[in-house]
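The values are calculated or read from the model by the stated rules, or taken from the named source; none is laboratory data. Predicted model, so just to flag it, every value in this text is computed and none were measured. Cβ atoms come from the backbone with ideal geometry, glycine included; neighbour counts cover every protein chain shown. These accessible areas exclude ligands, DNA and RNA; they are computed on the full protein's heavy atoms, side chains included. Shrake-Rupley method; radii C 1.70, N 1.55, O 1.52, S 1.80 Å.
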Amino acid sequence: MTAAVRPPRRFVLTAATIVLLGVLWYLAWVLTGGTGMGTMAVGYLFMPAVMTVGAMAVRSMRRAVPLVRAGRRFWLLLEACCYLFSAGFTLLAVDAFRFAPVAPSMPPAGAVLIGSGVVLAMWGVVQVPLGVTSWYERGKQWLDRTIALLGCCTVLWHFGVAPMVLAPEPWTTSALSILLLACGFAAGAITKVSYIAGGPVDRTAMRLIASTGLTAAGVALLAVLGGYDGILPGQAACMPLSGLLIALGARRQQGASAAPQRTGNVWLPYLAVLAVDVPVADVLFRAEHWGPGKWEGRLVVVSAVTVTALVAVRQYVAFRENSRLLREKQADEERLRHEATHDPLTGLANRALFKQRLETALGSGSATVLLVDLDDFKTVNDSLGHDVGDTLLVAFAGALSDAAGADGEAARLAGDEFAVLVTTPEAGECVAERVMAATTVPISTHRLLVHVSAGLASALPGTVPSQVLRDADAAMHAAKQRGKANWVRYASGMEQPAQAHARLGGDLRRALDAGEFRVVYQPIVGLADGRVLGAEALVRWAHPERGLVSPAEFIPAAERTGLIVPLGRYVLRETCRQAAQWLAEFGPDALTKIAPNVSVRQLHDPDFVADVRAALDDYGLPPERLVLELTESAVLRGQQVLRVLHELHDMGVRLALDDFGTGESSLSLLRSFPAAIVKLDKSFVDGIELDEPGTPAADARQAVARAVIQLADALGLDTVAEGIESQEQVERLLRLGYTVGQGYHLGRPGSAEDLTARLAGQRTAAAA
Ligand code: C2E
Ligand code: MG
Ligand code: MG
């Protein structure tokens, strides 16, 4: 913001000097008995001079500040008015010198110029908008101004005009009509100027300019006091003040800030009521106003009654407005209260309100809480988008409220976590069953099937709310552990797995820093000849107290805590290093691929692709020797993941679909996903060798195994059969068309040295 520039003072100072000179000249003139200071005509020079200065002040201001249209028009009219005055009074001054020492009367041309100036100025004031925009506000303002105008006119009438009209020697009709018009204009201008606010013309500038009208009153006063006819004192000592006021107004406008100004004038209507009371009292207490034909007094009373009635209307309008504002305020407060305690998406109570209700319930008796969590909601969000996720949450919130019915109050605690405070103590199980039943059918406009896991916990009076919530949470996690889509009632000890998980998270961090992780390698073997073709890299945790810990135990915790990212990076680099070493030692044909596992959290890591490239470059491993094993659920995580997979594919790295056949959309996946290898899940290999025709399980397994190999062949993908534990399985798989496999029967996961030994043996055998 630029600092406000102080408007120039030179015009104000010049105008003030002229005014001062005028006053001094006039005083000297009076004190010397009307002979001092040279000819009387000199007194007529101040007015044209000061008006020229006023015009220049307005002009300079107009050029210095950007004004809106209405403001520009007002000041332009005022400037023109100043020039007209200046010209008119110059003509008067010329006559003054011509006819000196006789006082001149206004020449007709001068009168026309000055009269036009007055009309322009009045027009300018009338045109200034009031800075109020709405119809309602404008109507209110008109009412106020009518009241003020009527009050003003009544006073002017009773004390000013009526005595002249009713005087024994009344004024001429033309003089009277001019007087009436002037009074009307004066009253109108006063009310108008009082209401100008926030408009294009600065409020104070407007008042300064409007008060130039008062200089006329000064003329009349001086005329009476001085004993001279009003023209000379007015010309010399009083009217030049109007030029100073205009210069001051222009300066004020130039320095005006753009900040909104105070609006409206609230006290003017009340002042008008007080004002009309004065003529009314005068009429009441002076008998001469009453009696037949005394219409002036009646007019005053009628006017006073009208003013009072209008004020009553105004009061009523204000009352209505106040009631409306009060209603709006109450509605606002109600809305804010609701917003603070409710979830904006679903409209259910939020966590704060839920806790408050739970606390109240626990204060007066026992309480039961059902904690409900949507299963795999993140997958919906990631694969179908957040809008679908939101509609699903809203639909579920409705279903939950319905299921709770009269027995409980539903709330949304966070993300996909909901709760029901069961208000009928013995209805906990019923509510849980109803919630489960509600999720057996598809919900929301997208007809999605959601599953939920829920935990039920009750507490005795006096238990802290957070304890009940912890218990319900432990029960909910137990439900998830037991395969999701069910509910479990809390039993003591249930929180232990959760606590163990939390401990595990901390332990993992320490183990990563301490270098307790190892990579083991399980051979991937040709089924016909038993030759090692590649190896899967599997991580192990060499725990200082517990010995080797299986990944099934710690991978989920590592994924939850995000530690899988650094851990996975370690496995990837170690695998590439080892594979490059084997490549150098045994040549390109001994081990064609090395396959570490990658979890979904790693795919979401923005550095993942760069990490893979760095690992390959750092150890000089050709990209086509690296196979990344991914599970279907990982691959299903939306566009971002798909982009990463295509980047890896373009780099030359191969991708394998792990545990193939266990997911829900295995087949459709193969179209969008750049896989090179599918790994038939162990569950389809288990029992495949059992030849019991008609056993549905064995039939189904064989059917899947056959379908997978046919599909892979059709799409040009390699296959690996996982979890082979016997020679019978090898033979059955060979007959189905599988050529590559992995399993305890073909080789258990072991250290790098174990695999080195096996590769060395294979080389010796080949040489022999
Ligand atoms: P997976 O990728 O499907 O790995 C195959 C699992 O099956 C390995 O278990 C392996 O030891 C086991 N297995 C192989 N052949 C047989 C068999 O004939 N019979 C039986 N019963 N099991 C067999 P492991 O090493 O316990 O790994 C379990 C899972 O943990 C892996 O399944 C993989 O999903 C995950 N995992 C292992 N290492 C890593 C890793 O470094 N990163 C990530 N993200 N996940 C890993
Ligand atoms: Mg694997
Ligand atoms: Mg697998």
About the Cα centre of the stretch 351-493, what is the dipole size in debye to 20, counting +1 per Lys and Arg Cβ and -1 per Asp and Glu Cβ, all else neutral? 180
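Is it possible to state the helix-based mean residue ellipticity at 222 nm for the chain, with each DSSP H run of 4+ residues giving -39500 (n - 2.57), the sum divided by total residues, to the nearest 500 deg cm²/dmol? What is it?
Helix contribution divided over all residues of the chain: -19500 deg cm²/dmol.
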Compute the distribution of all C-alpha to C-alpha distances in the stretch 480-603, in bins of 10 Å from 0, and list the percent of pairs in each, rounded to whole numbers. 11, 34, 28, 18, 7, 2
With all protein chains present and a 1.4 Å probe, how do 295, 135, 75 order by accessible area, largest first? 135, 295, 75
Among DSSP beta bridges whose residues both lie in the chain, state the antiparallel percentage, nearest 5. 60
Accessible-area value, residue 355, 1.4 Å probe, nucleic acids and ligands omitted, Å²: 80
Could you work out how far apart the two model spin labels at residue 278 and residue 607 are, taking each label as a point 7 Å from the Cα in the direction of the beta carbon, and quote it in nm? 8.5
Given the protein chains as shown and a 1.4 Å probe, how many square angstrom of residue 324 are accessible, to the nearest 10? 90
Once amide H atoms are placed 1.01 Å from N in the peptide plane, what residues at a sequence separation of 5 or more from residue 543, or on another chain, have their amide H within under 5 Å of its amide H? 548, 549
Round to a whole number: what % of the accessible area of the stretch 1-108 belongs to carbon and sulfur, probe 1.4 Å? 71
Going through the cross-link list 140/329; 140/294; 378/593; 484/593; 593/682; 192/294, which pairs have a Cα-Cα distance over 28 Å in this structure? 140/294; 378/593; 484/593; 192/294
Computed Rg/Rh for the stretch 560-691 (Cα atoms; Rh = Kirkwood radius) stands at 0.99
To the nearest 20 Debye, how big is the dipole of the stretch 503-767 about its Cα centre, given +1 on the beta carbon of each Lys and Arg and -1 on that of each Asp and Glu? 440
Between residue 466 and residue 384, what is the label-to-label distance in nm when each label sits 7 Å out along the Cα-to-Cβ direction? 3.6
With the full set of protein chains in place, find how many percent of the accessible area of the stretch 351-493 is carbon and sulfur; take the probe as 1.4 Å. 55
How big is D for the stretch 351-493, in µm² s⁻¹ as a whole number, if Stokes-Einstein is applied with the Kirkwood radius of its Cα pairs at 25 °C and 0.890 mPa s? 164
Among 548, 81, 685, which residue has its Cα furthest toward the positive end of the charge dipole of the chain, with +1 on Lys/Arg Cβ and -1 on Asp/Glu Cβ? 81
With all protein chains present, calculate the accessible area of residue 510 using a 1.4 Å probe and round the result to the nearest 10 Å². 100
Take the Cα atoms of the chain, find their three principal axes, and give me the spread along each one in whole Å, biggest first. 148, 66, 49
Under a 1.4 Å probe, what is the accessible area of the chain per residue, stated in Å²? 50
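Can you compute the FRET efficiency between residue 686 and residue 751 using 1/(1 + (r/R0)^6), with r the Cβ-Cβ distance and R0 = 35 Å? Round to the nearest 0.05.
Details: r = 27 Å, r/R0 = 0.77.
Approximately 0.85, to the nearest 0.05.
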What is the diffusion coefficient of the stretch 604-662 in µm²/s, taking the Kirkwood radius over Cα pairs and the Stokes-Einstein relation at 25 °C with a viscosity of 0.890 mPa s? 203
Considering the dipole of the stretch 406-518 built from charges on the beta carbon (Lys and Arg +1, Asp and Glu -1) around the Cα centre, which of 501, 438, 455 is farthest to its positive end? 501
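Compare 490, 521 by solvent-accessible area with a 1.4 Å probe and give them largest first, with all protein chains kept in place.
Listed by decreasing accessible area, they come as 490, 521.
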Largest first, what is the accessible-area ranking of 589, 376, 658 with a 1.4 Å probe? 589, 376, 658
